[in-house]
There are 2 protein chains.
Amino acid sequence: MRDDTERKGPSRRVFLTSGAAIMAGGAAAAQGTTQGADPLITEVQPWASGFGDPVDATPYGMPIRFEEHVVRRNVEWLTESPVSSINFTPIHALEGTITPQGCAFERHHSGAIELSKADYRLMVNGRVDRPLVFTFDDLMRFPRHVMTAFCECAANGGMEWGGAQLEGCQFTQGMIHNMEYTGVMLRDVLAEAGVQPEGTWVYVEGADASSNGRSIPMDKAMDDVLIALFANGEALRMEHGYPARLVVPGWEGNMWVKWLRRIGVHDQAVESREETSKYTDMMPDGRARKWTWVMDAKSVITSPSPQVPIRHGAGPLVVTGLAWSGNGAISRVDVSSDGGATWHPARLSGDVKPKALTRFHYDMDWDGSEMFLMSRAIDDTGYVQPTKQALREIRGVNNVYHNNGIQVWWVRADGEVENVEIA
Amino acid sequence: MRDDTERKGPSRRVFLTSGAAIMAGGAAAAQGTTQGADPLITEVQPWASGFGDPVDATPYGMPIRFEEHVVRRNVEWLTESPVSSINFTPIHALEGTITPQGCAFERHHSGAIELSKADYRLMVNGRVDRPLVFTFDDLMRFPRHVMTAFCECAANGGMEWGGAQLEGCQFTQGMIHNMEYTGVMLRDVLAEAGVQPEGTWVYVEGADASSNGRSIPMDKAMDDVLIALFANGEALRMEHGYPARLVVPGWEGNMWVKWLRRIGVHDQAVESREETSKYTDMMPDGRARKWTWVMDAKSVITSPSPQVPIRHGAGPLVVTGLAWSGNGAISRVDVSSDGGATWHPARLSGDVKPKALTRFHYDMDWDGSEMFLMSRAIDDTGYVQPTKQALREIRGVNNVYHNNGIQVWWVRADGEVENVEIA
């Protein structure tokens, strides 16, 4: 019986000195740089000659220590207090479409609270036939639904209205995550209470001190809004609203109320602080647009990007990024390496779902010269992601929210990447 | 301006004593048990009157402490040593389709090794035009693909060949997980090396001491096998093969070699220890079936189940579980509450993808009497999941592997659940 596992070091060494080569994803790459001399090939390594960790080492595992840079980061000067602040998903280091809960961005208005299932209550009141209070276990008796959706803070990219200011897509576009949620439809819970004819809005609030109340039109509430009890297969994390948060597909993250404690049914919008002084769009004439709930189509190249420079030189280069639209599914993503003069369609990889992150890849042969790398998303309504300049022409530069403009990365010949704008 | 967030305790108390009720997902449930007297409703809670955790509290988060029971568990007596052993995914407590890496089952042959990207090498040799060695960065220059796939140990349910022995689907069916992988196609890496005409098999081995080598026919290697570099959006965890593992969709987990270090191209199967003394199916006549790679269609009800008894009494009950097939997509799941006398179609919730876990839900009105709860999966080849008895009639009871028989849970009138077989 032939068994190559029996061939130990010697034959492998012979084999390697007789012609093996390090290849780098294509013929143009670092061929033969360690030919026959790589001790990682020619010698038996410690990890191949002893036992590793047993199966009872980590009942719940964490990322390996080599990945400790792949974490949420906040920017201290952005906000006055870290309990009313944000951090950013390390999208530059992620792949695929799912965002792990452990590094999915947080936005709190009065900090993340610890609320047990036993202490959890959800009240439904206002213009309903039967005002009700549900325990967590009560919610677990409603029909459950599974949906994947992106959650994007309305202020994602907000610093860019005034020009390129932050280095790295973690900071410029990282107030976004994408999870597979399981929960119960808001419409089913509302039906249990019996919405009265004059109930045209719901007002949702959380159990934290800020309460973060927002008004949602009844049409949306009865459409695809989910009371999520699980994310990515397991319970929500504390910082994402354990044990129950709202998922409002395609709409701005502020409406995705965490630690959901009350759903009031109203005959008009409440016009709370969170939807009047905040989350409205300041226009050049000093007036503000409100009720701009939907997050328009957007995309960003996550690698290469300022935190992920090109280290391998010219030759095969994988360009990848994320695209999304609050209005539907992504139908196409184009990539330009020459500042928008020419565009090339990228591959959409894996799932392409409405109101969820879509991964794209563009495989190119880099000639080693500088590039102005951009992506633009097109959704199934035909909407094309605009440039930042086009947005500013209408909305000015005093706005904070809803910046879905095209991001430009300047890739220098040495592989370093900078956040820039092109005139 | 009307703003319900301004209404503090007093009016809420008034409201509640004027007719609110605790409802439990349906009219039959515990209506009114805490009417007007629940201090969680009538009093201001500590979590609503102070700050929670700031955004810099957990750069990488873990589950909340209330969920500390949702972890991988091993069974000490099952194996001689915890470095050559298994643990089990807590599928009884999960929802949706994604398995978080942190609690996804592990099977090691010589323990989980710590191997950095800098130290990582992948050799492709044997019957190829150009024997090659790739670094991790080299692999990152191949076109990337995203796919979701279940990984099931061939021995999942193995203890059940001899009868109902373990309590809880975590232990009877928990050697399974389902992740969204991103990586490079094995066929692309093989093409770089140039497979010679006589190369009809690959032999894949890991960098751990066991090496865990397995033979894979070239047709499969050239079809959908992925060298995974990411799982659920982030890097693989150490215990799942960081930085690179094989994904062999639909085929038994043992072939999904972790810490992948070599792909040998051969003109025949190697017939290694892992595919001769192990991972073959012992038949009643003492002979063994080999090359039984595909995991046939299977399902299990995850709740209620022995670890998740019914605590809420009669009335609306959510029955949920998982179904999967190594031969394709799940087309239907049926649920029986009377030991298989009558079957009812369940809802397939969320994604229904080939060779990936599919979530099903069955919403019923429980009358409070005992049930023999079962599920059966049907895949898009028309295959119907068999009973354990039907499997034993052909394969006997001396086998360890490939038990895809129907699981029966005896739900007693008090809501407790036991693993049973029905004659």
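Across the range A:197-290, C-alpha contacts under 8 Å between residues 6 or more apart give a mean separation that, scaled by the residue count, equals a relative contact order of 34 percent. A cut-off of 5 Å between modelled amide H atoms, ignoring neighbours fewer than 5 places along the same chain, links A:ASP38 with no other residue.
Just check the range B:298-419 against the gyration tensor rule for me: Cα atoms, a ≥ b ≥ c as the square roots of the eigenvalues, rounded for a/c under 1.5, and otherwise prolate or oblate depending on whether a/b exceeds b/c. In terms of gyration-tensor shape, oblate. In chain B, helical runs assigned H by DSSP with n ≥ 4 each contribute -39500 (n - 2.57); averaged across all residues and rounded to the nearest 500, the mean residue ellipticity at 222 nm is -2500 deg cm²/dmol. For the range A:266-366, the calculated P(r) over all alpha carbon pairs, in 10 Å bins from 0 to the bin holding the longest distance, is 13, 31, 25, 20, 10, 2, 0 percent. Across chain A, the relative contact order, built from alpha-carbon pairs under 8 Å that are at least six residues apart, equals 15 percent. Say R0 is 30 Å: what FRET efficiency, to the nearest 0.05, do B:THR342 and B:THR79 get from their beta-carbon distance? Plugging the Cβ-Cβ distance into 1/(1 + (r/R0)^6) gives 0.15. Karplus-based coupling profile of the range B:374-386, in residue order and whole Hz: 9, 10, 9, 9, 10, 9, 6, 8, x, 5, 10, 4, x, with θ = phi - 60° in 6.51 cos²θ - 1.76 cosθ + 1.60 and x standing for Gly or Pro. Comment: the Cα-to-Cβ extended label point of A:ASP56, at 7 Å, lies 4.0 nm from its counterparts in the other copies, nearest first. Shown here for the range B:271-342: chymotrypsin sites (Phe, Trp or Tyr not before Pro) in loop regions (DSSP other than H, G, I, E, B) with at most 14 other Cβ atoms within 10 Å, namely B:TRP291. Across the range B:298-419, Cα pairs under 8 Å and at least six residues apart give a relative contact order of 33 percent. Applying the criteria of a DSSP loop state and at most 10 other Cβ atoms within 10 Å to the chymotrypsin sites (Phe, Trp or Tyr not before Pro) of the range A:156-238 yields no site.
Shape class for the range B:212-278, computed from the alpha carbon gyration tensor (a ≥ b ≥ c): prolate, with a/c not under 1.5 and a/b above b/c.
Annotation for A:LYS278 and B:SER277: the two label points, set 7 Å from Cα along the Cα-Cβ direction, are 6.3 nm apart.
Comparing mean-square fluctuations of A:ARG273, A:ARG392, A:ARG65 from a GNM of chain A with C-alpha springs under 10 Å, the top value falls on A:ARG65.
Shielding value for A:66-78 is 4, the average number of Cβ atoms from other chains within 10 Å of each residue's Cβ. Stretched out straight at 0.36 nm per residue, the stretch from B:ARG130 to B:VAL384 would grow longer than its current Cα-Cα span by 86.9 nm.
Dimensions of chain B based on its C-alpha atoms, expressed as ranges along the principal axes with the largest first, amount to 82, 57, 39 Å.
For the protein assembly as shown, rounded, prolate or oblate, judged on the Cα gyration tensor with a ≥ b ≥ c (square roots of eigenvalues), a/c < 1.5 rounded, else prolate if a/b > b/c? Don't jump to the answer; show the numbers that get you there.
Values: a/c = 2.19, a/b = 1.18, b/c = 1.85.
Note, shape of the protein assembly as shown comes out oblate.
Label-to-label distances for A:LEU78 across copies, nearest first, come out at 4.3 nm, using points 7 Å from Cα in the beta-carbon direction.
Taking Rh as the Kirkwood radius, which is the inverse of the mean 1/r over Cα pairs, what is the Rg/Rh value for the range B:72-290? Mind dumping the intermediate values first?
Numbers: Rg = 17.3 Å, Rh = 17.9 Å.
Computed over Cα atoms, the ratio is 0.97.
Per-residue 3J(HN,Hα) values for the range B:245-253, derived from phi via the Karplus relation 6.51 cos²θ - 1.76 cosθ + 1.60 with θ = phi - 60°, read 9, 8, 10, 10, x, x, 9, 4, x Hz in sequence order (x marks Gly and Pro). Copy-to-copy label distances for B:ALA423, where each label lies 7 Å from Cα along Cα-to-Cβ, are 9.1 nm in order of increasing length. Extending 7 Å from Cα along the Cβ direction at B:GLU416 and again at B:SER116 yields two label points whose distance is 5.4 nm. Both the radius of gyration and Dmax for the range B:96-222 are 17.6, 53 Å, in that order, over alpha-carbon atoms. A Förster distance of 60 Å, applied to the separation of the beta-carbon atoms of B:ILE394 and A:VAL294, puts the FRET efficiency at 0.60.
Every number in this text was worked out from the coordinates using simple rules, so none of it is lab data. No experiment lies behind these values; they were computed from the predicted model shown. Positions of Cβ are generated from backbone atoms using ideal geometry, with glycine treated the same way; all protein chains shown enter the neighbour counts.
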